[in-house]
Amino acid sequence: MSIFSKKKPQKRVINTGTHLPKASMSDYFELRQKRGKAVVNPILHQAKRDKNVIYGAFAVNQLVDKQSQRDTYDIDVYSTNPKKHAIEIEKNIDRSVNADLAYVEQTAYEKNGRWHRIYRVKTRPHEVVEADFNIMPKDVSFTTKNGVRYETLGKAEKKYDKMLKQPELGRGFNANIDLGRIKQYKRFKKR
């Protein structure tokens with residue numbers, strides 16, 4: 001079955017860390033304390049190496065000033081090979097705490113009548129999403145900062161406008177916040 005199909009793919013879990021010991025709550029708290037080293041840095045390094053594009057709230061945080069930033073817990077990545085890259089990050093997280101804490105979950109979303117697969121890297125026991133890996137679209141526009149590709153603010157602004165016009169998707173609250181952050185940053189930048 002291809003990445004784009006008319007049938008909804010089954011949700012399934014891909015776990016590669018079975019040779020490591022089971023994770024405990026202390027492993028989870030250890031990961032939370034060193035999240036930058038264990039999760040964010042490997043994703044940024046991988047994006048830089050494989051020319052992936054980071055999008056969403058994390059990308060907006062990287063491109064706007066400190067006053068316009070907001071907390072975000074996951075990193076959204078457009079990838080040329082999402083399954084491979086998600087498994088690689090899952091292994092990095094498991095290695096950083098030396099326990100089987102993370103796993104990859106394949107889910108899907110519908111767009112234009114077709115189902116698209118997305119690979120989520122999650123951590124136990126609270127099912128926190130650390131990263132979403134999606135197939136890279138052909139029309140993605142990006143800007144580069146420190147060698148890492150981020151979706152442009154103009155493209156993000158158009159995407160959030162579109163989300164606000166479709167309230168049935170249920171993404172309006174965060175889209176409204178991010179759209180406000182982008183517009184505020186552009187207003188201050190003009191001064």
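Taken together, the values in this text are just the output of simple stated rules run on the coordinates, not laboratory data. None of these values were measured; they are calculated from a predicted model. All Cβ positions, even for glycine, are placed from backbone atoms using ideal geometry, and neighbour counts span all protein chains on display.
If the viscosity is 0.692 mPa s and the temperature 37 °C, what Stokes-Einstein diffusion coefficient in µm²/s follows for region 38-88 when Rh is the Kirkwood radius over Cα pairs? Each step should come with its number before you reach the end.
Values: Rh = 11.6 Å.
For the chosen part, D equals 282 µm²/s.
Give me the number: length gained by fully extending Arg95 to His126, i.e. 0.36 nm times residue separation minus the C-alpha to C-alpha distance, one decimal in nm.
9.3 nm
Can you tally the net charge around Thr80? Count Lys and Arg as +1, Asp and Glu as -1, for every other residue whose Cβ sits under 13 Å from the Cβ of Thr80. The partial results should precede the final answer.
Values: positive: Arg49, Lys51, Lys83, Lys84, Lys138, Arg149; negative: Asp50, Glu88.
Summing Lys and Arg as +1 and Asp and Glu as -1 gives +4.
What nm distance separates the two modelled labels at Gln69 and Asn146, each placed 7 Å from Cα along Cα→Cβ?
So the two model labels end up 0.9 nm from each other.
Can you tell me the alpha carbon radius of gyration of region 89-191 divided by the globular rule-of-thumb value 2.2 N^0.38 Å?
Working: Rg = 16.9 Å, N = 103, 2.2 N^0.38 = 12.8 Å.
Ratio of Rg to 2.2 N^0.38 Å for region 89-191: 1.32.
Show me the ranking of peptides 115-124, 144-153 by mean Cβ neighbours inside 10 Å, starting with the highest. Numbers along the way, then the final one.
Numbers: 115-124: 20.5, 144-153: 16.6.
Answer by packing, highest mean first, reads 115-124, 144-153.
Quick check: convex hull over the Cα atoms of region 23-167, volume per residue in Å³, rounded to an integer?
Working: hull volume 18.2 nm³, N = 145.
Measuring per residue, one finds 126 Å³ for the Cα hull of region 23-167.
So how much slack lies between Lys84 and Ile177, counting 0.36 nm per residue of separation and subtracting their Cα-Cα distance, in nm?
Numbers: separation 93, 0.36 × 93 = 33.48 nm, distance 3.20 nm.
In short, 30.3 nm is gained.
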